Each structure stands twice: as C-alpha cells, then as structure tokens.
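The values are calculated or read from the model by the stated rules, or taken from the named source; none is laboratory data. Computed from a predicted structure; not experimentally measured. Ideal geometry is used to build each Cβ from the backbone, glycine not excepted, and the neighbour counts take in all protein chains shown.
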Amino acid sequence: MKLETRTPEAYQGGMDGFDVVVVDSASPPRIGNGRFVLVNAVPPDVPLEVLGRLEGPVVMDWDRAHPIMRQIDFAKVAIEEALRVRPLAPGKTLVEAVGGPLIYLLEEQERKAVFFGFDLFKSDFPLRVAFPLMLSKSLRWLHPAGLDQSSLQLQAGQPILLPVEHGVTTATVTTPSGRSTQAPVTRGVASFTDTDEVGVYRVGTARGETRVAVNLMNAEESDLTPRPLPAFVEGARPETAPVPVLRELWSYFVLLALLVLALEGLLYWRRQTAGRLGLPHAAGDRWALGLRCVLVAALLVSLARPVAPRWVDQLNVLFLLDVSDSVSLAARENAFRFGAQSAAAMRERDQAGLIVFGEEAVVDQPLRPSPRLERPQVRVPGRGTNLAQALQLALATAPPGQANRFVLLTDGRQNAGNALAVAQAAKDAGADIYYVPAPLTFSQEVVVESMVLPQEVKFGEPFQAKVVAWSQADTQGRLSLFRNGEFLGSQVVRLSAGKNVYTYRQSLERSGIHVYQAAIEVEGDTIEENNRAVGTIVVRGRPLVLMAEKDRSQGQALAAALRTQHVDVEVVEPDRIPKDAAGLAKYDGVILSNVSSLKLGKKQMESIRDYVRDQGGGLMMLGGEESFGLGGYYRTPIEEALPVTMEVKQKLEIPSLAVVLSIDRSGSMAMTTDSKVTKLDIAKEASHLVVDLLDERNEVGIMSWDTEFIWDSPMRPARDKQAIHNAIATIKAGGGTDGYPALKESYQVLFERPALLKHVIFLSDGQMTRGDFAGLIRRMAKDKITVSTVAIGKDADVQLMFDIAKWGRGRFYYTEDDSTIPRIFTLETQLASKSSLVEQPFRATLASPAHEAVQEIDWRQAPPLGGYVATTLKGTAEMVLMTHQEDPLLATWRYGLGRSVAFTSDAKAKWAVLWQRWPGFTKFWSQLTRWTLRSGTRSDTVASVARLDDRGEVVVDAVDSKGEFINFLDSQVGVVSPDKQRDVVELEQVGPGRYRGRFPASQEGVYLVGMAQRRGEQMIGSQLAGLVVPYAQEFRDLGVDETLLRELSEITGGSALAQPRDAFAQQRRRSRLTLELWPWLVGLVAAMLIPEIALRRVGPGLLARAMARLRGSLGRGGSGHASPREAM
C-alpha cells in the first residue's frame, strides 16, 4: 500500500488520483465524491449534522454482522470524547453510543465513507488489536481491489455483484464459453446476472481483471459417482393416479403434411421432366413446381415457430405483500387495500398479480387482466423477511420482454437474502421496483435489543453488563436480570423513545461460561417475544499478580487482602523480577512497592514498559522512600508507563536548593561501556537530567576535574537551562584523578549561596590523590552542606568515596552498571531538594467518584495516611484520589494495550497503618488491582465464534510468540446446542495459521462452544465461547427501513408510491408482445394448396384462354352484333 500525507491546507477536496482519502481532524471546504475515511472530521458537504460533543461516551452496541465489524469487540474500548452527530443521508451505524453513532458508514450514489466520530489519540482504540483489523476491513469495503477470494465464488444462477474502484463506469464480463458482455456499474458495483453457465467468469475494468468462479455448490450435483440401480420388487410399485399431460400435436401434422407435399411435388417433377435433371419445358409446370416449393418452405418455417413483435400499451404489475411477523395485521390490511385499489384503477390491457412473502415467497394470484385483487389465500412462515426471494419469484413470474413492475408492500426489514443483488437483476431484466412503506401501527412497543458483555474476564474481575432496550414512546417498565437461570433482581426503569442503556456492575467467581438474560415487562406492550435478550461471558481462572517489595514481610498485608478477593499474589524481592517480557507474560499484573530503580536494569524496565504497552499487562507503583522520584524513576521507561511524572510542582513550603555536580573527567572516564558510549557521556547525560529536574528557584553548578578543576557552568539559577546544557556538552576527558581541590572549591562556592539546602554530588571512577578529605567534609557538614558520592566500577576508590558520603551526611552509591548513573543523579537531586517526600497526616479526597476502583466505598470513613511521594499528573491521566495539597494520591490511565496506576502513598505499616485496619482496605485494593489486570490471556491461539445466516462459524488464528504462523494443527470444536445435543466439528486449515469450521445454528438460545488445538500429544491452546442465537430478527428490527427500500427503487429507476392509482399511472412503459406466425403460415399453405393443384391440372395456357373467352363473351353481351372481322 502506498501512503502519501498532506497538510490540511494542501488538500482542497476530491480524490486526486488516490483510491482512498483519509481526512483526520481537518475540515476542508468540500471533499466531493469518492471513497473516504473521516476521522473526527465533518466537512461541510458531508451529510452529517454536528450537534455537540459527547464526554466519555458509553458504547451501547455494535453491528457484529457487518463485514467491517466481524471479529471486532468494542466492549472495553475507552473514548475520552466524541462528536455528537446526526446522519442526514442513508447509511449504517456500526458502533453506537448513548447520544448517537460513534462509527458510521455513509453510502451515497457517488460517495462512500467510513466516519469515526472521535479523535483516535483520545481513545485507546488504536492500541487494540481490533484497530488495524477494522481499518483493513474498512479499506477493503471502500476500495475492493484484492478481495478475499472466498467472496468471489458463487453458485450457478446467482448474480455477480463485484464492487469496483472509484471512477470505473463500465465493466466487461467474459463467460466461460468466451462470450463478452458489457456489465453496468451502479453505485460502484458491476452487476451481471446471466450466470447459468458453470466455470470462471472474467470481469475486466480499466483498472484490471477479477476472476469469479461459478460452481454448482451442491454436493449431490457435484458427485460423479454412479448411483446404484434401485432394487425392483415384483408388485412393490404402489398404485398411482394418472396425471393428464397436455401436448401440442400440430407440429406432427405439419411435419406429415410437409412430407406429403414434398413427396408429391417430387413425383410431379419426375413425370414432367421424364426423370431428367432440370426444369420442365412448359411454363405452367415451372410455375406449379415453384409454388409447391414455396408451400413446402412455408411449412418448414412454421416448424421453427417464428414470431413478430408488436408494441402495446400494457403494464404488468406484481404486488409483493409482506406478511412477516414484523408487519402488524393492521399494516398488512392497509397494504393489501393499497394493492386492491391500485388494481381497480388499471387500464384495459394491464395485468395485476399478487405475491405474498415472509420467510418464503409464494405466488398467490398470477398476472391476469382482472381489475379485482382477491384477498391472499396462501400462508407462509412469518419469522423472517426474505425480500430477495420475493423479488426473484416476481422476476420468474413476470413475462420476459414486457413492461413489468414490482410494487413492494413491506417495512423493508429484510433478514435473509440480498435484495440489492436481485434488484440489479431486475434492472437488467427491464423491470422497475416501487414501494409502499408499511409502518408500525402499534401504540406501544418495547424491544430488548441486546445484552452487551465482554467476551472474557478474569476470575472475580468487575465488569459491566449492559442491557440495550428500544422503546417506541416514553414509558416505564420493570427490568429483571438473570444469571445462569438464577434471578438476580429487578427494578423499575424509565424508557425514553429510542434506545436506552442500563448498566449493571457484576463480577464472577466461578470459571467457565455464564449466561445472562434480561427481561422487561411494560404495560401495553404488543410483542412479547422481543422482551428478553441473552448474552454469554467466559470467566478464566484466578488472576496472578507479581508483587515486588523491598521488604517482603512489609508486603504481606496487601498480598493477604488480594488473596481474600481471589487474586493470587506472588511476593518477591526486587532482584527476583523477571528480566524480560517472556518472564512477565505469565502474570496479569505487576506491583512495584517501594522498589528503587537502581534495583532494576534498563532493559528490565523496558520489558516492564513493553509488557504493559504491548501485552496488555497491568502495572501498579506504590509509594515509599525508594519509589517514584525518590527511587530514581525520572525519565525512565517505567515513568513512560505511569500516569504521573517524577517532577514536583513548585510549592511555597519547599526550600530552595543549590547543588554542585562534581564530575571526574580523568582519562579513564573516556573508556566506552557495553553500550558503545563513554562513562563521561553517561555522566553528562545524568547532568542534563538534573538540570531539567530542577526548577527556577534552585541553583546548579557543573564542575569537572582531573588534576585540576574547571567550572564548566558556574553556579547560576536553573531557569537558564539552555546555557547550562550547552556548557555540559563541552566537557571533555583529561588526565589524572585529584578530587580534593574540586571538593574544596565546591565548599567555597556553596558556602556563599543563600539557598537553604546545599548539596554536592561527587562522581569518580578511580583512585584519587590523597588530601585532608575528612577535615574538609566535616567543615562542609558543619556548614550544612551535604555530600553524596558515586563510585563507578571496581577501580574506584570505594572506601574513600564511602567515607566522604558518611562524613558529608549524604549517601554513597556504588555501581558497575554505568546506565544507572542518570538515575542516581536524579534520585540524589530529589532527595537533596526534599521536595518529593511529604510526611504529614492527611485524608484522601475523592476526585473521580465514577472510577471503578473507588465504587461502593464510604470515603468519609477512610482514616488518614501518614505521607506520600509528590508527583505530577500527566495530561491524559485521571486523578482518582488526591492529597491535602492537591497532589495525586491515586492516578490511573491506559497505556497502550494495558493500564497502569500510581498510588503515591503506601499499603504498609509506615504510612497506611490505620488503613490496614480500615474495613474498606481490602475492597479498595482488590478493585484497584483488578482494574489494572490484563483482560485477556496470552495464548498462541485466538478463537472467535460468529453466526452467519443459520450457521455458526468458528475461526482460530494460531501465531507463536515470534509472530510466526502455526500450521498443521489438529483442531476440534465441541458444540452443545440449546436442546443439549452435542456435536463435534473438525476445523480445516484455510490459510497460514488460520482454521475454520461451521456448525448448524438455527435454534434460538445459547450454543456452548469448546475449542482445542493440538500438535500430536501437545496441547497448543484451548478456548471456551458462547454463541447466542436471539429471538427472530423479525421481532427486533421494527419500523420501516426506508433506506433499503429507497436503494432498491433507485437501482431500477422507481420510487415511493403516494397514491394507489400511481402504481399503474406513474412512468408507464409500452409492452413488447410477440405474435406467433406459424398458424398464419399453415393457413396460407392450406389456402394456396387448391390453386396450386389447379395450376398443375389445367396449365397456365388453358387458364389464359379461358380468361380471354370470358372477356369476349362479356363483350358480345354488351353490343348485341358481331363485326365482320369477328365473324371471320
């Protein structure tokens, strides 16, 4: 795929030669016709009205049957805000929220668009697997090149409907026999209906060629095995009544007459020519023989049944009456009366007929010239609406070549077949389609449309069960909820006209498949069957959490609280945390409780970040004296994943700090590390971080030294960051190692500074020249200047560095991992500034009462906490609890596929000693932990179950941890149907790593599906799923689907009918009738046979003389005398 990006100013609309145009958060003056993806954008010429914005829209439901939405789960997609829009043109809602559509398909005559009503960056949708899958399917829907080949296989007789690229206006279809035909392109679809011939059809356009395979698709027809002859038992044939069969015999008589005339003519020719080749000599014989040949030829032509066209003012109208259950008796009666009144107004030669349809279609009254339409007598099943079959039957019933019209008397709610495909065939056959909507006649109707549940949750994980109900008018009713047949409770609910969503918070503590059912009772409701909905959810085993705690004994209180809530906890020391993502994969969440970043390697922190972002794992960081900024997490991969930064907002009570970074720049600092950078470069990077961390009230000086010191950046306010960064970049390695003068200079400079806090960070990697370090450092300590030291590697003067830190009342750090130096510097800076650690009693303040983690807890009874680590909330994170200084106490956000939490106090006896005795302690920590946990289970196989028509389809994708397809698995599916019948389905491999199988799914209820994949004796994966077959679609989709009816009529040039007389009067066309000529030809032969015989008997001369005598006698009778010449 080729991608080109442009600025909004550079795009002025149109396709500009591209197949699809994506408009993201921009509004050009117009986009015109074409194929578009609109993301958070509504250009002026797009038929969508923006009504405002939706804050935190709640997804009600999504269309699981549409090709774009298959295998897409929107249950857990979080969206911060969205556009509230109202469609003004035909289309389809793919994802619906409370307040309007979130994702909508626009289908106009010359424009197709997929509209995303929200900014992708203000949702977690782009970070979910569903996003690239849905985007790919959307592009296929907009630009159908490269379609899945399974969609290009048809059964003989089905029309070819091939979406073509934008701009294509004509297509050429080549049949298997080589015949080429032009196929019309309507609304971006090339249609061809003459597919009775089996083989490969080639559809060519200016953009390329597509092959469509047309097969019998019938196992019995395709089976070429000879059938065994039936055994014949004497006397076993039952007696059957004779069936009269009418057969035309005229052709046999004509053939006999033809033979007689030909034989008699041959004999006459032989007699007149004496057997010689040639024509008779006499002119009369030649005339007689020629006339005989003409008669024989006329008989031969009559056997071919020739016809002659004639155009007459005749219109054939077939009324298609919908008698399905979605059309009320009153609506059917109104529709029939419309048809009867239309028939009464037809003209003399017109004909009318009636087809009734529901789940099937039947001809009730064939076309006839009677102006009276009788009431329908046939009965058809009403639990479906098969518009396509009704139109196909109308096409088969209507006489070809004549002016045929189909009038649909229906609500247009088709749920079987493809009426648009048949409408294309009707257009090709010259028939037009008109419609009369059959609206609801109920005074009140309530439909429970769906029960929306996540596909899968963890043991005990809270989730939301949503009931979506549609009401025709404002009313109230009683909504009841059941689980596995057990009554959970009921409540009186208010229903507004339109869709309503009711949410129930649930959690399950038993593994397996659970079935939920919602039922509603409303006074005055008409249809009872649609007052319930069923949903299934799969509960996996108990979640497993890894908890790293500096002191394992201190973490037992939190671990015990989680275990009582069915969360398994593995408590380890920081050095036992897995080193890579593969080791973390078995855990559903990770808790870091008072773990310093110095205990973690850089790659280890990257693995934890990737575990959250890419694998959907959960991460919780709890506060402590070695956590957050105090743990050196500033600008680390862990900070990237957390909802807070380690920077601290300036507060008046925080004292000012003057800090000197004293860096060894001896020759040994120029040595490279494993990461191909020098130790001095890492020290410079650490210095940059310290400068960024300090605020404008603080002062910083950068000093480097070998045998002598240099002020690379003299003491100055930290607000001049760019100048300080430039100075740090100029530091270069030099000669020996003598740190005493540098420390002495740092003392002299800091002594004169007015800051309340003064600190030196002293870094070295070698043995230093001896000096009176003890005396110098003690004087510094006496003047309240603290010194911390960082010794790098085994060559460092470790004992001296340790003593300097001890004398200077600072901290000593020893590291052999150079990458930890930046973390040490930032950690020291925050410790020295005393800005992060707040040890004051305070009570938690609720900032986001709607968050799942704080539900059903009385926060007024929560005891105080003893302290916390100050942090700063990130822009897109949510502050759930805050401190008395409005710092984040509990912050959450979604990071990639996972979720992370920052709780800046602790859960131990230090700050949370009173919380541990608080009744809400266990509930709070279990809810918070479960909110972070990974929602799915990492497996090499992913399965999905969907319903297509009356069959269930199971698709399993197998991909290993390296991203490679797993092929040649033995895959089986066990299915338990609603009537408890069991069936086993073998899955076939249909592509790389993809397996598919189907099973019958026509019964209403829940199908329980268990799947297993093996390679030999090794189990590769297993899944559980439930497939819900709801009540008949007839009872769910109520009201008129005018969009579909309009599309059907527009394809053929029809429209809606307003008055009954319009059915025969509107846009009348003349019918082309055929007149059979064989009776005229046979009659002509019969009439000319006697003259032909007379001609042969008397000859042309005798006839001429007879005529002359006749004229002469007539002349004499007129004069009375003969002339002398005549007498002679």
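Things to note:
- Test result for residue 488, under 31 Å from the mean Cα position of the chain (by Cα), in a strand (DSSP E or B) and either within 22 Å of residue 1023 (Cα to Cα) or of a type in the set (A, V, I, L, M) (or both): no
Conditions (1) touching a Ser or Thr at 6+ places or on another chain (Cβ under 6 Å); (2) in contact (Cβ under 8 Å) with a residue 40 or more places away in the chain; (3) buried (at least 16 other Cβ atoms within 10 Å of the Cβ), marked per residue:
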{"site": "795", "(1), (2), (3)": "no, yes, no"}
{"site": "808", "(1), (2), (3)": "yes, yes, yes"}
{"site": "814", "(1), (2), (3)": "no, no, no"}
{"site": "825", "(1), (2), (3)": "no, yes, yes"}
{"site": "831", "(1), (2), (3)": "no, yes, yes"}
{"site": "860", "(1), (2), (3)": "no, no, no"}
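- The condition (being of a type in the set (A, V, I, L, M, F, W, C), outside the structural domain of residue 519 (by TED's automatic domain parsing), at pLDDT 80 or above and exposed (fewer than 13 other Cβ atoms within 10 Å of the Cβ)) is satisfied by just one residue among 1106, 1058, 1063: 1058.
- Residues of the range 355-391 satisfying the condition of being surrounded by fewer than 23 Cβ atoms within 10 Å (Cβ to Cβ) and among the hydroxyl-bearing types (Ser, Thr, Tyr): 370
- Candidates 652, 642, 622, filtered to the one that is of a type in the set (A, V, I, L, M), outside the structural domain of residue 797 (by TED's automatic domain parsing), at pLDDT below 85 and more than 15 Å from residue 828 (Cβ to Cβ): 652
- Residues of the range 711-755 satisfying the condition of being among the hydroxyl-bearing types (Ser, Thr, Tyr) and either in a helix (DSSP H, G or I) or at pLDDT 85 or above (or both): 713, 730, 740, 746, 747
- Looking only at the range 537-592, residues that are assigned to a strand (DSSP E or B), farther than 26 Å from residue 920 by Cα and out of contact with any His (no Cβ under 7 Å at 6 or more places or on another chain) come to 1 in all.
- The set of residues in the range 894-909 being out of contact with any helix residue (DSSP H, G or I) (no Cβ under 6 Å at 6 or more places or on another chain) and not in a strand (DSSP E or B) consists of 904, 905, 906, 909.
- Count - residues of the range 839-893 that are over 42 Å from the mean Cα position of the chain (by Cα) and part of a strand (DSSP E or B): 4
Let's see how each residue does on (1) in contact with a Pro (Cβ under 6 Å, 6 or more places away or on another chain); (2) of a type outside the set (D, E, K, R); (3) part of a helix (DSSP H, G or I); (4) not assigned by TED's automatic domain parsing to the domain that holds residue 596:
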position	(1), (2), (3), (4)
759	no, yes, no, yes
779	no, no, yes, yes
801	no, yes, yes, yes
820	no, yes, yes, yes
828	no, no, yes, yes
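- Test for residue 929: is it under 31 Å from the mean Cα position of the chain (by Cα), surrounded by 21 or more Cβ atoms within 10 Å (Cβ to Cβ), within 30 Å of residue 955 (Cα to Cα) and not basic (Lys, Arg): no
- Residue within the range 337-353 that is among the polar types (S, T, N, Q), in contact (Cβ under 8 Å) with a residue 24 or more places away in the chain and buried (at least 18 other Cβ atoms within 10 Å of the Cβ) present: yes
- Of 61, 73, 19, all but one fail to be surrounded by 13 or more Cβ atoms within 10 Å (Cβ to Cβ), outside any loop (DSSP other than H, G, I, E, B) and of a type in the set (Asp, Glu); the exception is 61.
- Any hit, the range 1030-1053, residues being among the small types (Gly, Ala, Ser), in contact with a strand residue (DSSP E or B) (Cβ under 9 Å, 6 or more places away or on another chain), assigned to a loop (DSSP other than H, G, I, E, B) and assigned by TED's automatic domain parsing to the domain that holds residue 423: yes
- A single member of 127, 162 is in contact with a Ser or Thr (Cβ under 7 Å, 6 or more places away or on another chain), at pLDDT below 85 and not aromatic (Phe, Trp, Tyr), and it is 162.
- From 848, 836, residue being surrounded by fewer than 19 Cβ atoms within 10 Å (Cβ to Cβ) and small (Gly, Ala, Ser): 848
- Screening 786, 769 for residues that are in a strand (DSSP E or B) and surrounded by fewer than 24 Cβ atoms within 10 Å (Cβ to Cβ) leaves exactly one candidate, 786.
- When the residues of the range 394-416 are filtered to those that are among the aliphatic types (A, V, I, L, M) and modelled with pLDDT of 90 or more, the one that is farthest from residue 323 (Cα to Cα) is 394.
- Residue in the range 977-990 that is under 25 Å from residue 1021 (Cα atoms), of a type in the set (Ser, Thr, Tyr) and not in a loop (DSSP other than H, G, I, E, B) present: no
- Taken over the range 55-90, the criterion of being more than 27 Å from residue 1043 (Cα to Cα) and modelled with pLDDT of 80 or more is satisfied by 55, 56, 77, 78, 79, 80, 81.
- Residue in the range 311-326 that is in a helix (DSSP H, G or I), of a type in the set (Gly, Ala, Ser) and in contact (Cβ under 8 Å) with a residue 40 or more places away in the chain present: no
- Among (1) part of a loop (DSSP other than H, G, I, E, B); (2) aliphatic (A, V, I, L, M); (3) at pLDDT 90 or above, the one test that residue 373 misses: (3)
- Just one of the numbered conditions (1) surrounded by fewer than 16 Cβ atoms within 10 Å (Cβ to Cβ); (2) out of contact with any Asp or Glu (no Cβ under 9 Å at 6 or more places or on another chain) is not true of residue 25: (2).
- Applying the set (1) out of contact with any helix residue (DSSP H, G or I) (no Cβ under 7 Å at 6 or more places or on another chain); (2) under 27 Å from residue 584 (Cβ atoms) to residue 826 leaves exactly one unmet item: (1).
- Inspection of the range 395-415 identifies no residue that is in a loop (DSSP other than H, G, I, E, B) and hydroxyl-bearing (Ser, Thr, Tyr).
- Selection of first residues in the range 251-263 that are within 13 Å of residue 1085 (Cβ to Cβ) and of second residues that are polar (S, T, N, Q) and surrounded by 12 or more Cβ atoms within 10 Å (Cβ to Cβ), restricted to Cβ pairs under 8 Å at least 6 apart or on distinct chains, gives the following pairs, ordered by first then second residue: 254/302.
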